[in-house]
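K.L.:
Dropping a structure here in structure tokens format, bear with me for questions.
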Amino acid sequence: MPIAAGRAIPREWAGKYPIIGDIKPEEWDGFHDLVLWDELYRGGAVSSIFVGLTVGAPPIRQFASPALQAKVLPEILSGQKRISLAITEPSAGSDVRNLTTTAEKTADGKHYIVNGEKKWITNGMFSDYFSTAVRTGPPDSGAAGLSFLLIDRHLPGIQCRRIEIGAGKLSSTTYITFEDVKVPADMLIGEEGGGFKFIMSNFNHERLWIAFQALRGARICLEDAFAWAQKRDVFGGKLIEQPVVRHKLGLCGKKVEALQAWVEQIVYELDHLGEKEGNRLLGGTTALLKVEAGMVVKYVADECVKIMGGLGLTKSGQGARIEAISRSVIALIVPGGSEDVMIDLGVREALKLSKLRSGARESRL
Ligand SMILES: Cc1cc2nc3c(=O)[nH]c(=O)nc-3n(C[C@H](O)[C@H](O)[C@H](O)COP(=O)(O)OP(=O)(O)OC[C@H]3O[C@@H](n4cnc5c(N)ncnc54)[C@H](O)[C@@H]3O)c2cc1C
């Protein structure tokens, strides 16, 4: 099931890989992607095991050589092998330009020698490949010195250890160490120095997909709290008869419906703009959408925990889904671009587009 397909499935995949619901590649669009992730997240933690594929495979589909694609895509799309995206390091998260993991070409040009560390890598423990951001340029080369390398996890010199986090145990969050790892040069994804561009374009779908999950998380909380408020007897009546409770549910409902409309608007616009224009025009808006989605699910989960009373803290029973979501909202807010950084990015992208537009207007005068 090519979950990594995201908003589009290449036509040449028809008949090659099973596509969920037997949908034809030419019919698959951003709304299929939305529904798929909505349903997976509704299924609870199971969505965690697809994270690596969803964020790690797109760089290969978009930028790898045909030979590398032919080798790796059949393995990872059939589920025979697993993949993760490895960008973040202990000393560089939001500041991607600061990455220090090095990949130095050998004198014969046949290999890269990789040294460094990656942190927070989702699904890392059970991955066979890492789509890895590495520095091929000198230490002070900034964004221009970054490249993308596909690294086989079974090569000598790689160590993985699990990082225990408060939520999403199935995600298998991992710390990876690379020590003199000899990676064949033909595992380079795209051209040397193109890594920063790949990282940024990859983030757009990741942020949208996080918003899909936050939206479903908020809906689940609201659904369970609404049902409970109609059952629970308090002070001689049902909980839902309390105006304060209805007010809470109303405020949550309006936020969820507004988020749904914004998500669908962006999905529609991205489908009609195409990949390149969509990334260029809607990268900033998508960052802001991710922020809003995180804020909505956090707000709704907090309110719903209160409506559930003690059940909102209980890992089993009628409050279990709300308990799990309220504990894991931060895993929707920080990964893929932390809230403060995303707000700033949204404004900087708007500024860039407005300068371009005013430049174009002036040149017409
Ligand atoms: C559960 C989980 C799963 C993850 N999965 C992956 C993965 O699969 N692959 C991967 O590569 N990475 C992954 N990450 C890493 C994730 O993308 C980073 O944690 C995130 O980008 C933030 O980086 P950081 O943790 O280093 O925080 P920092 O960059 O140190 O930032 C900490 C805080 O400082 C503030 N801040 C930083 N810069 C600015 C700024 N310019 N303006 C305003 N405020 C700022 C923000 O509030 C931010 O939250 C994952 C993280 C988590 C928690």
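The values are calculated or read from the model by the stated rules, or taken from the named source; none is laboratory data. Bear in mind the structure is a predicted one, so any value in this text is a computation, not a measurement. Every residue, glycine among them, receives a Cβ derived from its backbone with ideal geometry; neighbour counts consider all protein chains shown. Just so you know, the surface numbers come from the protein's heavy atoms only, side chains and all, with ligands and any DNA or RNA stripped out. Shrake-Rupley method; radii C 1.70, N 1.55, O 1.52, S 1.80 Å.
K.L.:
Would you check which residues across segment 88-107 are assigned to a loop (DSSP other than H, G, I, E, B) and closer than 18 Å to Gly194 by Cα and list them? Before the answer, list the steps.
P.N.:
Let us first name the residues in segment 88-107 that are assigned to a loop (DSSP other than H, G, I, E, B), namely 88, 90-91, 93-95, 99-101, 106-107.
Correct list: Thr88, Asp95, Leu99, Thr100, Thr101.
K.L.:
Filter segment 100-110 down to the residues that are more than 15 Å from the ligand (Cβ to nearest atom), at negative phi and surrounded by fewer than 17 Cβ atoms within 10 Å (Cβ to Cβ) and list them by number.
P.N.:
Residues of segment 100-110 that are more than 15 Å from the ligand (Cβ to nearest atom), as a first pass: 102-110.
From what is left, the residues that are at negative phi are 102-108, 110.
Passing the criteria: Glu104, Lys105, Thr106, Ala107, Asp108, Lys110.
K.L.:
Quick one: in segment 56-99, which of the residues that are in contact (Cβ under 8 Å) with a residue 40 or more places away in the chain and of a type in the set (Ser, Thr, Tyr) is nearest to the ligand (Cβ to nearest atom)?
P.N.:
Checking each candidate, the answer is Ser94.
K.L.:
Could you list all residues from segment 317-363 that are of a type in the set (Ser, Thr, Tyr) and within 14 Å of the ligand (Cβ to nearest atom)?
P.N.:
Step one: of segment 317-363, the residues of a type in the set (Ser, Thr, Tyr) are 326, 328, 338, 354, 358, 363.
Once the filter is applied, which keeps residues that are of a type in the set (Ser, Thr, Tyr) and within 14 Å of the ligand (Cβ to nearest atom), segment 317-363 yields Ser328, Ser338.
K.L.:
Within segment 238-288, track down each residue that is acidic (Asp, Glu) and without any contact (Cβ under 8 Å) to a residue 24 or more places away in the chain. Reasoning before the result, please.
P.N.:
Step one: filter segment 238-288 for residues acidic (Asp, Glu), giving 241, 257, 264, 269, 271, 275, 277.
Selection gives Glu241, Glu257, Glu269, Glu277.
K.L.:
Any residue at all in segment 243-263 that's touching a Lys or Arg at 6+ places or on another chain (Cβ under 7 Å), modelled with pLDDT of 95 or more, more than 12 Å from His205 (Cα to Cα) and open to solvent by 60 Å² or more (accessible area, probe 1.4 Å)?
P.N.:
The answer is no; no qualifying residue exists.
K.L.:
Report whether or not Gly278 is within 30 Å of Phe198 (Cβ to Cβ) and either at pLDDT below 95 or assigned by the TED database to the domain that holds Leu332 (or both).
P.N.:
Answer is yes for this residue.
K.L.:
Tell me, yes or no, whether segment 111-126 has at least one residue that is near the ligand (Cβ under 8 Å from one of its atoms), of a type in the set (D, E, K, R) and either open to solvent by 50 Å² or more (accessible area, probe 1.4 Å) or farther than 30 Å from Ala45 by Cα (or both).
P.N.:
So in segment 111-126, the residues near the ligand (Cβ under 8 Å from one of its atoms) come out as 118-124.
Of the ones still in play, those that are also of a type in the set (D, E, K, R) are 118-119.
When the remaining residues are screened for being either open to solvent by 50 Å² or more (accessible area, probe 1.4 Å) or farther than 30 Å from Ala45 by Cα (or both), the result is 119.
The answer is yes, given that some residue of segment 111-126 is near the ligand (Cβ under 8 Å from one of its atoms), of a type in the set (D, E, K, R) and either open to solvent by 50 Å² or more (accessible area, probe 1.4 Å) or farther than 30 Å from Ala45 by Cα (or both).
K.L.:
Identify the single condition in (1) closer than 28 Å to Gln62 by Cα; (2) more than 16 Å from the ligand (Cβ to nearest atom); (3) not in a helix (DSSP H, G or I) that Leu289 does not satisfy, given that it satisfies every other one.
P.N.:
(3)
K.L.:
Mind checking whether some residue in segment 76-87 is open to solvent by 20 Å² or more (accessible area, probe 1.4 Å), of a type in the set (D, E, K, R) and out of contact with any Pro (no Cβ under 7 Å at 6 or more places or on another chain)? Before you say what the answer is, go through the steps one by one.
P.N.:
Here is the first cut: in segment 76-87, the ones open to solvent by 20 Å² or more (accessible area, probe 1.4 Å) are 78-82, 85.
Going one step further and asking which of them are of a type in the set (D, E, K, R), we end up with 81-82.
Remaining after also requiring out of contact with any Pro (no Cβ under 7 Å at 6 or more places or on another chain): 81-82.
Yes, because at least one residue in segment 76-87 is open to solvent by 20 Å² or more (accessible area, probe 1.4 Å), of a type in the set (D, E, K, R) and out of contact with any Pro (no Cβ under 7 Å at 6 or more places or on another chain).
K.L.:
Report yes if some residue within segment 302-320 is under 21 Å from the mean Cα position of the chain (by Cα) and in the same structural domain as Glu223 (by the TED database); otherwise report no.
P.N.:
No; the residues of segment 302-320 include none that is under 21 Å from the mean Cα position of the chain (by Cα) and in the same structural domain as Glu223 (by the TED database).
K.L.:
Here is a follow-up. Considering only segment 4-18, how many residues are open to solvent by 20 Å² or more (accessible area, probe 1.4 Å) and closer than 23 Å to Ser47 by Cβ?
P.N.:
Final tally of qualifying residues: 4.
K.L.:
Pull up segment 164-192, narrow it to residues that are surrounded by fewer than 18 Cβ atoms within 10 Å (Cβ to Cβ) and β-branched (Val, Ile, Thr), then point me to the one that is farthest from Ser127 (Cα to Cα).
P.N.:
The residue in question is Ile165.
K.L.:
Give the residues of segment 101-124 that are in contact with a Lys or Arg (Cβ under 9 Å, 6 or more places away or on another chain) and over 17 Å from Gly157 (Cα atoms), sorted by residue number.
P.N.:
Answer for segment 101-124, where residues must be in contact with a Lys or Arg (Cβ under 9 Å, 6 or more places away or on another chain) and over 17 Å from Gly157 (Cα atoms): just Asn123.
K.L.:
Pick out the one residue from Leu53, Leu40 that is open to solvent by less than 70 Å² (accessible area, probe 1.4 Å), of a type in the set (A, V, I, L, M), more than 16 Å from the ligand (Cβ to nearest atom) and part of a helix (DSSP H, G or I). Spell out the reasoning first.
P.N.:
Details: Leu53 fails: more than 16 Å from the ligand (Cβ to nearest atom).
None of the others qualify; the one that does is Leu40.
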